[in-house]
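The values are calculated or read from the model by the stated rules, or taken from the named source; none is laboratory data. Please read all numbers here as calculations on a predicted model, not as lab measurements. All Cβ positions, even for glycine, are placed from backbone atoms using ideal geometry, and neighbour counts span all protein chains on display.
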Amino acid sequence: MERDKILNNIHFILVEPQYPGNIGSIARAMNTMGLSHLRIVNPPDLKADEAKMMAYQSYHIIENAEIFSSVDEAIEDLAVVVATTARLGHERGPSWEPREVVKEVLKFAGENKIGFMFGREERGLSNEELRRAHFLTTIPAYRSYPSLNLSQAAMLYAYTIYDTIREPISSPKEKLAQENDLQLLHRRIMETMAKLEFREANESDHFSRILRRAIGRTYWEKRDVAVFLKIVKQIEWYLDNRCKE
C-alpha cells in the first residue's frame, strides 16, 4: 500500500535530546501516526524509567532506534532532510510552514528516505546543522511565546504527515541522490575552486554556505550528481596536466 510505503520511508532525527521523557513522548506520537523509524544523535539514557513511561505502548520504537555520533552520519543515506527551527533570519534562509513542507517532500517519499530533524530542547539546531538540510520549517505561533516543547513539535509534524497522506499523493518514481552524494559534490566543487585559486574557497565559508544551499534546493538524481562530478574531475585533470604544460 502506497501509504504504508511512504510512512516507512519517513525518519525522525533527534539531535542530542536531553530528556528521556521527551524521547518517550516522541516515540508515542510517532506510533500513533504510523511512523516507526527514529534516529538519535548522542542520546541520553534510553532505558530510563521516564522514557519507558512516556512511550506508553511505543517503547519498541526507542528499542529499535538507530544511534549516531553526528548529524552527518545520521542523514547520509537520506534523499531529503527537513530541519525544524524556531529562529529565523537571513543567514538561515527561507522557512516553510509544516503543512507546506510536508506536502512538498512527501511527493518523493514513495521511493526515497525522508528525514525530519529536531534540535536540542534548550537551543535547537546549530547554523551548521541547519545547513545540512534541504528545507527549513517553522511552526507559526503566537509571537509572545513562539516556542514549543520538543515532543509537542514532533507530534505536530507526525500528525501533519499522517493527515497529508490520507489523500492520494502523486509521487514521482525517480530515486533521488542521497545526502552523502550531495556532500561529496559540494566537497569536490570546493576543492576544485581552491585549485583555481578562488579566494573565497580558502578564506571564507560564505561561498561554501551558498553553494550548499543551492545544491540542497535541487532534487538531484544520482546520475545528475555523476555528471557534475565528471565536470569537476575534467577541470582538475586539465589543471594538473595542460596548465602545467
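On inspection, ILE23 fails the criterion of being under 16 Å from the mean Cα position of the chain (by Cα) and in contact (Cβ under 8 Å) with a residue 12 or more places away in the chain. Looking only at region 203-245, filter to residues that are aromatic (Phe, Trp, Tyr) and touching a residue at least 24 places away in the same chain (Cβ under 8 Å); which one of those is surrounded by the fewest Cβ atoms within 10 Å (Cβ to Cβ)? Within region 203-245, the match that is surrounded by the fewest Cβ atoms within 10 Å (Cβ to Cβ) is PHE228. Applying a threshold of 9 Å to beta carbon distances and a minimum spacing of six or more residues, or different chains, the list of pairs starting in region 51-76 at a residue that is exposed (fewer than 14 other Cβ atoms within 10 Å of the Cβ) and ending at one that is basic (Lys, Arg) and not in a loop (DSSP other than H, G, I, E, B) reads TYR56/ARG28; GLN57/ARG28; GLU66/ARG39; ILE67/ARG39. Residues that are more than 19 Å from ALA109 (Cβ to Cβ), buried (at least 18 other Cβ atoms within 10 Å of the Cβ) and among the polar types (S, T, N, Q) within region 9-50 comprise ASN22, SER25, listed in sequence order. Taken as a whole, region 157-173 holds at least one residue that is touching a residue at least 60 places away in the same chain (Cβ under 8 Å), assigned to a helix (DSSP H, G or I) and among the polar types (S, T, N, Q).
Taken together, the residues in region 187-220 that are farther than 26 Å from PHE108 by Cα and in a helix (DSSP H, G or I) amount to 16.
The set of residues in region 132-155 that are in a loop (DSSP other than H, G, I, E, B) and surrounded by fewer than 21 Cβ atoms within 10 Å (Cβ to Cβ) comprises THR138, ILE139, PRO140, ALA141, TYR142, ARG143, SER144, TYR145, PRO146, SER147, LEU148, ASN149.
For region 115-131, filtered to residues that are in a loop (DSSP other than H, G, I, E, B) and under 22 Å from ALA27 (Cβ atoms), the residue that is modelled with the lowest pLDDT is GLU122. Quick check on region 97-109. Is at least one of its residues surrounded by fewer than 18 Cβ atoms within 10 Å (Cβ to Cβ), in a loop (DSSP other than H, G, I, E, B) and touching a helix residue (DSSP H, G or I) at 6+ places or on another chain (Cβ under 6 Å)? No, region 97-109 has no match at all.
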